[in-house]
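Okay, so here's the structure we're looking at.
Any read-out appearing in this document is the output of simple, stated calculations on the displayed coordinates, not a laboratory observation. Computed from a predicted model, the values in this text were never measured in an experiment. Here the Cβ positions follow ideal geometry from the backbone for every residue, glycine too, while neighbour counts run over all protein chains shown.
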Amino acid sequence: MSARDELLASPPFALAVAEKSRLLGAALAELTAHHAANCPPFASILAAAGHSPASGIEATPFLPVRLFKELALKSIPDADLFKTLTSSGTTGQVPSRIFLDVGTAQAQARALAAITTSFIGKDRRPMLIIDHPGVVKDRTSFSARGAGILGMMTYGRAHAYALRDGDMALDVEAIRAFADAHRGKPIFAFGFTFMVWKYFLQALEAADITLDFPGSVLIHSGGWKKLEDEAVSNEHFKAVARQRAGFEHVHNFYGMVEQVGSVFMECEAGRLHAPSFADVIIRSPLDWRVLGLGEEGIIQVVSAIPMSYPGHSLLTEDRGILTGEDDCPCGRMGKTFRVLGRIPAAEMRGCSDTHTARAA
Amino acid sequence: MKSLAAVFAESLMIDPASVVDGLAYQSIKEWDSVAHMVLVTALEDNYGIMLDTDDIIAMSSVAKVREILAKYDVAA
C-alpha cells in the first residue's frame, strides 16, 4: 500500500504529528515524482527551479495557485479525462481549470465525506440548501457553486431550498414546510457564505422571521471577501445564524477548487483544522521560509489527493496564521490555523462571490 | 415493490435492459451526480431503508448497489 493510499484510508483527524509527517511527507514525495513523470510542464518547472527529490512535507515544491489559470496542467492522458472543474471566474477573470480522472474524483468524494461526517455524523440529516433550486438544474454546466452544493447534497436527504429561483427571495413557504416536516430532528444546512448572509440571514432579519432548528448544523464556505467589505466577522455571522435562523452549530470551511476534497473545517472551538491527508504551511512573503506558530504569512496548502493534475502543493493568495498543532480543545489532531484575508493585489475570487448583488 | 432494474431505469431515465451488473456510476451521462441523488431517494423509498453517507459514495456500479442493499437485508 502506498503512503497516499494509507493516508486516504485512515480516519481524518487521528494522526499525531510524528506519524503524520512520515506518511504525508512520503505521500507528497510520491506525488511529486508521479507528476514530474506524467506532466511535462511540471517537470520543466521543477528542473528550472533546480528541485532535487527530497522527502518531508515542507520540502515539497509548490506551484502558485494562479498557474492553473494560465496553464492546462494534467498528469493523465486525455482519454482518462473524466471531468474538468473550473473556478468561479468572475467577469474579466480567467477561471482555473482542474482536470480529474475517475480515481482522483472518487478520492475527493471520500475525503470530503470523511471530514464532513466528523461534524454531522454518518446519518444523513434532512437538508436545507441555502440557495435556489436552479443552481443545480443545468446538468451540463454547473457553476462552481452548483458543483459545491451537489457535492454536499450527498450528506443530506429530503433536500429543500431556502431561496426562490429568479429573485433569490426567501421561500418562506418552503422553509416552513421543511421545519414542520422535520420538527425535533437535527437538520443540516449548507450554503455559500455570501449567499447565506445576504439572501438568508439578512432577509430573515428584514422580514423579522426567527427560526428554530435544535441540534442543527450549518456548514458554509466560499470566502469572506464580500463580507469583510461589509465588516461582517465570523463571530458576528455565527451569532446571527444562531439567533435568527436557530442554527446551533456553525462551521465555516476553507478550501479551493484546485484542491477539492481536502477542506479545512472550522471546529467547535472555532479553529480551522488540517485533516491527516492534507496540511497547511505558513510562509514568509519575503523569503518563503516556513513560519512558526503565531507568525503571519502566506498560506501554502498540500494534499495527498491530486493524482490527475499536479496540484498537491500550492501557494495560495491568502494570508494566515498557525494557532496550534495536536492541541485543539476539540480533540482533533493536526495543525489548526486562521485565515486573515487575501494578500494585497490578489484578484478577487471565491465561489460565493459569483452572485454579484444588484444595486441595493 | 419495484425491481432493482426498474428503480434504476426510472431514476436514471434509461432502458431497463441496459441495467446490468457492470453498469458503473459516471460511465454514462444519465448516471451523473444529480441522477445519483435521485437514485438514492428512489432506493430508500422502494426498500424502506435509509442509506448512510459511506454507502452512497460506495455505490459505484449496479453490482455494488446490490451488495450494499444486502447489508440492509434487501435481496435485490
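Tabulated data
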{"item": "Of all residues in the stretch A:278-334 being of a type in the set (Lys, Arg) and in a loop (DSSP other than H, G, I, E, B), the one that is surrounded by the fewest Cβ atoms within 10 Å (Cβ to Cβ)", "result": "A:289"}
{"item": "Within the stretch B:29-40, considering residues that are out of contact with any Leu (no Cβ under 8 Å at 6 or more places or on another chain) and in a loop (DSSP other than H, G, I, E, B), the one farthest from the other protein chains (Cβ to nearest Cβ)", "result": "B:29"}
{"item": "Of residues in the stretch B:42-58 being under 12 Å from the mean Cα position of the chain (by Cα) and of a type in the set (Val, Ile, Thr), the one surrounded by the most Cβ atoms within 10 Å (Cβ to Cβ)", "result": "B:56"}
{"item": "Residues satisfying the stated conditions in the stretch A:274-294, i.e. hydroxyl-bearing (Ser, Thr, Tyr) and within 18 Å of the chain's Cα centre (by Cα)", "result": "A:276"}
{"item": "Search result, residues across the stretch B:41-55 that are in a helix (DSSP H, G or I), within 18 Å of residue B:73 (Cβ to Cβ) and within 7 Å of another protein chain (Cβ to nearest Cβ)", "result": "B:54"}
{"item": "Odd one out for residue B:65 among (1) of a type in the set (A, V, I, L, M, F, W, C); (2) assigned to a helix (DSSP H, G or I); (3) surrounded by fewer than 19 Cβ atoms within 10 Å (Cβ to Cβ)", "result": "(3)"}
{"item": "Members of the stretch A:198-239 that are of a type in the set (Val, Ile, Thr) and in contact (Cβ under 8 Å) with a residue 40 or more places away in the chain", "result": "A:217, A:219"}
{"item": "Residues within the stretch B:1-41 that are surrounded by 17 or more Cβ atoms within 10 Å (Cβ to Cβ), touching a residue at least 40 places away in the same chain (Cβ under 8 Å) and among the aliphatic types (A, V, I, L, M), tallied", "result": "2"}
{"item": "Neighbours by Cβ (under 7 Å, 6+ apart or cross-chain): first from the stretch A:240-253, within 17 Å of residue A:208 (Cβ to Cβ); second outside any helix (DSSP H, G or I) and of a type in the set (A, V, I, L, M)", "result": "A:241/A:218; A:241/A:250; A:242/A:250; A:245/A:211; A:246/A:211"}
{"item": "Near pairs, Cβ below 7 angstrom, 6+ apart or cross-chain, from the stretch A:108-126 (aliphatic (A, V, I, L, M)) to any residue that is part of a helix (DSSP H, G or I)", "result": "A:109/B:57; A:111/A:8; A:112/A:151; A:113/B:53; A:113/B:54; A:113/B:57"}
{"item": "Single unsatisfied condition, residue A:167 versus (1) away from every other protein chain (no Cβ under 13 Å); (2) touching a residue at least 12 places away in the same chain (Cβ under 8 Å)", "result": "(2)"}
{"item": "Test result for residue A:137, out of contact with any Phe, Trp or Tyr (no Cβ under 7 Å at 6 or more places or on another chain), over 19 Å from residue A:219 (Cβ atoms) and within 12 Å of another protein chain (Cβ to nearest Cβ)", "result": "yes"}
{"item": "Criterion (within 13 Å of chain B (Cβ to nearest Cβ), within 26 Å of residue A:271 (Cβ to Cβ) and touching a helix residue (DSSP H, G or I) at 6+ places or on another chain (Cβ under 9 Å)) met by exactly one of A:152, A:195", "result": "A:152"}
{"item": "Subset tally (residues that are assigned to a helix (DSSP H, G or I) and either facing another protein chain (nearest Cβ under 9 Å) or within 17 Å of the chain's Cα centre (by Cα) (or both)) for the stretch A:70-127", "result": "18"}
